[in-house]
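Let me begin by presenting the structure, written as structure tokens, before commenting on it.
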Amino acid sequence: MNLKQLAPAVFFLAIISDFGFAQQQPLKLHYDKPATNWEQTLPLGNGRLGMMPTSGITNDQITLNDITLWSGSPQDANNYEAYKKLPEITELLLAGKNVEAESLINKDFVCKGPGSGGKRWGCFQILGDLDLQFEYGGADASKATSYQRQLSLDNAIAASSYQIGGVTYKREYFTSFSNDVDVIRLTADKQGRLNLRIGLTRPERFTTTTNGNALQMEGRLDNGTDGDGMQYIANLKVKLTGGTLTTTGNNLVVKNATEVIIYVSAATDFRNVGFKALMTQNLAAAMQKPYALLKQEHIAQFKKLFDRVSINLGSSKDDETTDQRLINFHNNPDADKLLPVLFYQYGRYLSICSTRVGLLPPNLQGLWANQTQTPWNGDYHLDVNVQMNHFPVEVSNLSELNLPLVELVRGLVKNGERTAKAYYNAEGWVAHVITNVWGWTEPGESASWGVTKAGSGWLCSNLWDHYAFTNDQVYLKSIYPILKGSAQFYNSILTKDPKSGYMVTVPSSSPENSFEMPDGSGRHASICIGATIDNQIMRELFANVIIASKTLGIDPGFRAQLQKRLTEIPPAGIISKDGRIQEWLEDYKETEVTHRHVSHLYGIYPASEITADGTPELAEAAKKTLNVRGDDGPSWSIAYKLLFWARLHDGDRAFKLFHELMKPVTSTGINYSGGGGIYPNLLSAGPPFQIDGNFGACAGIAEMLLQSHEGYINLLPAIPAGWKAQGSVKGLKARGNFTVDLQWKNGKVTAYRITSPQAKPVKVKVNGQIKLINSSKNLILI
């Protein structure tokens, strides 16, 4: 055989092998101590139920969650007289009397009642605490040795082990993807050494009883009216190998067992009148299966989603505990190539564990909470947070996890139509800056932040992304009325600004930010006309509705209206005298230059109106904007800046933001400025815990390796210097329903493969050159 002919074939097989097994390193978080607070516990979830164990030696407190468990109730807090004040508000704003306009809005143009501060608004709450208290028959638990605690991202199982008095004790925990129950297995390697008491409680509004050898906790939350809100129930049953099971008070007592398997089934009556029967059925079905089969089915179901993507950035040691690795990485990020991979895959893991098709999207805390009054109600903030929760799902090959958000938005439309009429006498529908599971669309209770109406348009961007990545026209047809209704709203509220000549939104605001009045009075305001984010959202939304209308062959008249509007509204960015992108139509001075929100760069991400190659002047202005804003902030803000720099093709600066984000944090107090980072369990710290920072960084890492928003697939658009030596990616997604594998060395792509359900032409930017290829299963070697 000719060896020259053989060599390319061997190289080809080597590349295929590397793509197939890029994620060889085990993906796990591991520690050598029990968790001493909630921010050290390890999150488990199956999209509905959640569980976070401390894995303590004498006391294992396990926080339980159900994503549907909310206090509060539906309400109509619209002020149906508000629209009558709109002409006066408009007149004041066009006259430059922003402070006076804001005062009038606070008086007559916000929601009725206390809004998000009221009991009717509601709150995502803890389901309960499962308390395991262990005894060791006279052995000294304080002298436990060989303690290990870990979370395997590869199979969604947490575990702990330790030795006391010559006995090895092990625990396994998982929230079953296949049987929809929480499962905990306790073992001792010597017969009859397991002794424990099991309790089930929550901070308020509960009753726990024993029913035979089972625990049952039930109750109902406060709906803000008569107190009879959402109902919930949880049942706990136990299987023993050896030993005895008895009850004492409202506790189960296990003595002298060798193996204990605990099953917890829970449900609420959120959209489910048969919730008690469902809870009973799930528990019975799980207990009928051998533990090994239950575990095997759980892992298989989870891996259907998790194993779609693998990333390899090179090798390094990972023998330190995860909390120590975090400290070491912050001190020397180049020494640990595996931590960015772990953090990226942790983001995907958290998405899978906190999202289930047919239920609710992840809230500010995903589906994990340890309080009855969760920070910011654990609700859905619409000025970046819930959208950021979904930034990584499409590119990270978890496309179906966008669908719960789609249904949440669909449920806002009817209420949003009432709000549009009440405040603006407008067509279509609107949601302002916050919502909950009860369909809130009204403005918030304060003008300074509550009348931001970018929420509905921004949500439509997430909905559009699912179509852009899947090309699913049946889906497009189903969301078209939502997109059209949002566009109708913005289209019908536009007012001509006599100073600039643009058609603008009135009133407007840039989310949660304010500016100094230019009259030298020292006063400041938040209310304006035509904030930049409004203009960018409208440009994106109108363009998407135009494309959807053409694709579906409908609404040519409305399409023409929107095409005309695109020539009348402000551009995606206006460059100020100091070279930055203006946050407002007027070049106001910010009251806080380093404000956490950078809303006027929406056009970079998630939109594609400002791009490194397509709009270089605006891209440079955006860089100046980011440099003045600074890199610090709450964790989600740092993650968002990471995304901006990745889109601007500056990989080293994006990595600098990633390094900034990976700052070890222990504080849990509410923070609105700098100091964001990461808790020991790798959950993002605002502080407090907000999951959007995890998801934003996950999306940012993907954007450093692959982008597809400029009309072509861009391979390694923002790879940082520390990742250039060699690496590979398998399974990322690009717009147009393409799946991308690639390999690189010394910062240059050496091989890639782009596949799609049907072969079709696609533009690809590889090593700086744009090529037109046909998608196929064949690997392209360079």
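Starting with the highest mean, order 730-739, 277-286 by the number of other Cβ atoms within 10 Å, averaged over the residues of each peptide.
730-739, 277-286
Using only the alpha-carbon atoms, how far is helix 413-424 inclined from the longest principal axis of the chain? Give it as 0 to 90 degrees, nearest 10.
Long axis of 413-424 versus the principal axis of the chain: about 40 degrees.
What is the helix-to-structure angle for 322-331, meaning the angle in degrees between its Cα long axis and the longest Cα principal axis of the chain, kept from 0 to 90 and rounded to the nearest 10?
40
Once the piece of chain linking residue 666 and residue 209 is laid out straight, how much longer is it, given 0.36 nm per residue of separation minus the C-alpha distance between them?
That pair, residue 666 and residue 209, stretches by 160.9 nm at full extension.
Per the Kirkwood definition applied to all pairs of different Cα atoms, how many angstroms is the hydrodynamic radius of the stretch 268-362?
Kirkwood radius, the stretch 268-362: 16.9 Å.
How big is the dipole moment of the stretch 300-359 about its Cα centre under a simple scheme where the beta carbon of each Lys and Arg is +1, that of each Asp and Glu is -1, and everything else is neutral? Debye, nearest 20, please.
Its charge dipole is roughly 480 debye.
How far is it, in nm, from the label point at residue 142 to the one at residue 772 when both lie 7 Å from their Cα along the line to the Cβ?
7.7
Using only Cα atoms, locate the centre of the stretch 113-143 and the centre of the stretch 734-782, then give the distance between them in Å, rounded to an integer.
A separation of 49 Å, based on Cα centres.
Order the peptides 750-762, 462-474 from the highest to the lowest mean number of other Cβ atoms within 10 Å of their residues.
Ranked by mean Cβ neighbours within 10 Å, highest first: 462-474, 750-762.
Of the peptides 439-447, 139-147, how do they stack up when ordered by the mean number of other Cβ atoms within 10 Å, highest first?
439-447, 139-147
Tell me the mean residue ellipticity at 222 nm calculated for the chain from its helices only (DSSP H runs of n ≥ 4, each -39500 (n - 2.57), averaged over every residue, nearest 500).
Only helices count here, giving -10000 deg cm²/dmol.
Within 14 Å, Cβ to Cβ, of residue 175, how many net charges do the neighbouring residues add up to if Lys/Arg are +1 and Asp/Glu are -1?
Net local charge, residue 175 excluded: -1.
Grab the alpha carbons of the chain, take their convex hull, and tell me the volume per residue in Å³.
Expressed per residue, the convex hull around the Cα atoms of the chain is 171 Å³.
Between residue 91 and residue 189, what is the label-point separation in nm under the 7 Å Cα-to-beta-carbon projection?
8.4
Over the chain, what is the relative contact order in percent, taking alpha-carbon pairs closer than 8 angstrom and at least six residues apart?
12
Expressed as cubic angstrom per residue, what is the convex hull volume of the alpha carbon set of the stretch 201-258?
For the stretch 201-258, the hull spanned by Cα atoms encloses 82 Å³ per residue.
Would you mind checking the tilt of helix 455-470 against the longest principal axis of the Cα atoms of the chain, expressed as 0 to 90 degrees and rounded to 10?
70
None of the figures in this text is laboratory data; all of them are computed from the coordinates on show. Just so you know, these numbers come straight off a predicted model, no measurement behind them. We place every Cβ from the backbone using ideal geometry, glycine too, and count neighbours over all the protein chains shown.
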